[in-house]
Amino acid sequence: MNYLYNKKHNTIDLLFEEQKYSYLFRAGELKNPFYASFYEQCIESTVADAYEIFLETNTENNYFQQQIKKLDKEAAARFFRIMAIHHSIYMMRKRRRELFWEEMRQALFFVYNFSENEKKLADVLYERACNHEVAFPVLFSKATARYLFYSKTISPFSLAFIENFCYNSYNSFLESFTRYLSIKMRLKKAAN
């Protein structure tokens, strides 16, 4: 391995591995076992995503690798939060008859310690996902670039890359989350 890769790997270790424990602790404090397990898996998936997207995915329009020099502790915290927003919204959209946004958002805000502006961002994105479902992936990609690294302009290729990354991230998360217990069973256990 080369020096640059090792340096980037150490940066990911420092920024993501260390932060995940405070989030996992807070997720463990949730009273609802569905939300506790949901956010625990979300946190672990986000760490795996960080390694993959910042280090391993070498493609021409990898927005995340292009921004790695801007990656610091606060940007890593924002990465955890934006992925949690994304996964929460997609779970709500798939299970809207069984889950309630107000409950999920309270768990989300507690685990990730959202600021008031981040709470507003999550609510606006959720509202857009509900009312403009077809346009939501592009909107979310633009919001991600702006929120993570304050990018005001972004190429259509990078937007498509972010959209594809978020889609694949959610699918990988969902596969891990439902490997041993289905969502239906998790919800049933949480209700008892």
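Of note:
- Neighbours by Cβ (under 6 Å, 6+ apart or cross-chain): first from the stretch 102-118, at pLDDT 95 or above; second not in a helix (DSSP H, G or I): Ala107/Leu30
- Candidates Leu139, Leu181 - the one that is surrounded by 12 or more Cβ atoms within 10 Å (Cβ to Cβ) and either in contact (Cβ under 8 Å) with a residue 40 or more places away in the chain or under 21 Å from Ser37 (Cβ atoms) (or both): Leu181
- Answer from Glu98, Glu44, Glu17 - the residue that is more than 30 Å from Lys152 (Cβ to Cβ) and exposed (fewer than 14 other Cβ atoms within 10 Å of the Cβ): Glu17
- Only one of the numbered conditions (1) touching a residue at least 40 places away in the same chain (Cβ under 8 Å); (2) within 13 Å of the chain's Cα centre (by Cα) is not met by Tyr167, and that is (1).
Yes or no, residue by residue, for (1) closer than 18 Å to Phe173 by Cα; (2) assigned to a helix (DSSP H, G or I); (3) in contact (Cβ under 8 Å) with a residue 24 or more places away in the chain:
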residue	(1), (2), (3)
Lys20	yes, yes, yes
Leu24	yes, yes, no
Leu30	no, no, yes
Val47	yes, yes, yes
Ile53	yes, yes, yes
Gln65	no, yes, no
Ala76	no, yes, yes
Tyr90	yes, yes, yes
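- Within the set Asn117, Asn58, the sole residue that is assigned to a helix (DSSP H, G or I), open to solvent by 70 Å² or more (accessible area, probe 1.4 Å) and farther than 18 Å from Phe173 by Cα turns out to be Asn117.
The values are calculated or read from the model by the stated rules, or taken from the named source; none is laboratory data. Source: prediction; values computed, not measured. So basically every Cβ, Gly included, is an ideal-geometry build from the backbone, and we count neighbours across all protein chains shown. Areas reflect the complete protein model, heavy atoms only, side chains present, ligands, DNA and RNA absent. Shrake-Rupley method; radii C 1.70, N 1.55, O 1.52, S 1.80 Å.
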